[in-house]
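Asker: Following this message is one structure expressed as structure tokens.
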Amino acid sequence: MYKIKIDQEALNDLREIVIWYNSQLQNLGIRFHKQVKTQINSLKTQPYIYTIRYKDIRCMLVKKFPFMIHYSVNEELYLLEIYAILHTSRSPEIWNTKTKKR
């Protein structure tokens with residue numbers, strides 16, 4: 001079973017999305033947060049279910065929401081690292097900006 005590490009950037013993304021959804025409809029942000037948490041936890045046993053999209057980054061679509069979770073798999077450490085949670089309509093340049101720190 002893989003361990004999960006969520007970068008601060010991804011936590012910031014999640015917090016902003018939850019706040020925005022809650023401002024649109026009561027408890028919608030909470031539903032989004034629960035869905036993301038469930039899906040991230042599912043990666044512990046099936047990290048390779050999603051294909052590589054950028055360099056070594058895999059992307060998982062969040063069910064019922066137009067967002068993707070961007071992550072990588074470190075086989076040696078049995079570690080999944082979550083880098084970002086981005087809206088599917090966002091420009092790939094946003095992803096490039098986030099990965100420059102890597």
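Asker: What percent does the relative contact order of the chain come to when contacts are Cα pairs within less than 8 Å and at least six residues apart?
Answerer: Relative CO of the chain lands at 31 percent.
Asker: Right, something else. Please report the carbon-and-sulfur percent of the accessible area for the chain; probe 1.4 Å, protein heavy atoms only, DNA, RNA and ligands left out.
Answerer: Answer for the chain is 53 percent, counting heavy atoms of protein chains only.
Asker: Do you know the Lys pair count in segment 1-67 for C-alpha distances under 13 Å, with sequence separation 8 or more or different chains?
Answerer: Pairs that pass both the separation and distance tests number 6.
Asker: Just one of [x] 5.8; [y] 6.3; [z] 7.6 is mean projected area of the Cα convex hull in nm² as worked out from the coordinates here. Which one is it?
Answerer: This structure yields the entry labelled [y].
Asker: L28 versus L11, label points 7 Å from Cα toward the beta carbon: distance in nm?
Answerer: Label at L28, label at L11, 2.7 nm between them.
Asker: Could you size up the charge dipole of the chain around its Cα centre, putting +1 on the beta carbon of Lys and Arg and -1 on that of Asp and Glu, and report it in debye to the nearest 20?
Answerer: 200 debye
Asker: For the Cα atoms of the chain, what angle does the longest principal axis make with the long axis of helix 8-24, in degrees from 0 to 90, nearest 10?
Answerer: Helix 8-24 and the main axis of the chain meet at about 20 degrees.
Asker: Sticking with this one: Just need the relative contact order of segment 1-51 here, percent rounded to a whole number, with Cα pairs under 8 Å and 6+ apart.
Answerer: 41 percent
Asker: Still on this structure, I have one more. Could you work out [θ]222 nm for the chain from helices alone, using -39500 (n - 2.57) per DSSP H run of at least four and dividing by all its residues? Round to the nearest 500 deg cm²/dmol.
Answerer: Computed mean residue ellipticity for the chain: -12500 deg cm²/dmol.
Asker: Please compute the modelled spin-label separation between I19 and E75, points set 7 Å along Cα→Cβ, answer in nm with one decimal.
Answerer: Each label point lies 7 Å from its Cα, and together they span 4.0 nm.
The values are calculated or read from the model by the stated rules, or taken from the named source; none is laboratory data. These numbers were taken from a predicted model, which means no experiment stands behind them. A quick note on method: Cβ atoms are made from the backbone with ideal geometry, for glycine too, and the neighbour counts reach across all protein chains shown. We work out accessible area using only protein heavy atoms, side chains counted, and drop any ligands, DNA or RNA first. Shrake-Rupley method; radii C 1.70, N 1.55, O 1.52, S 1.80 Å.
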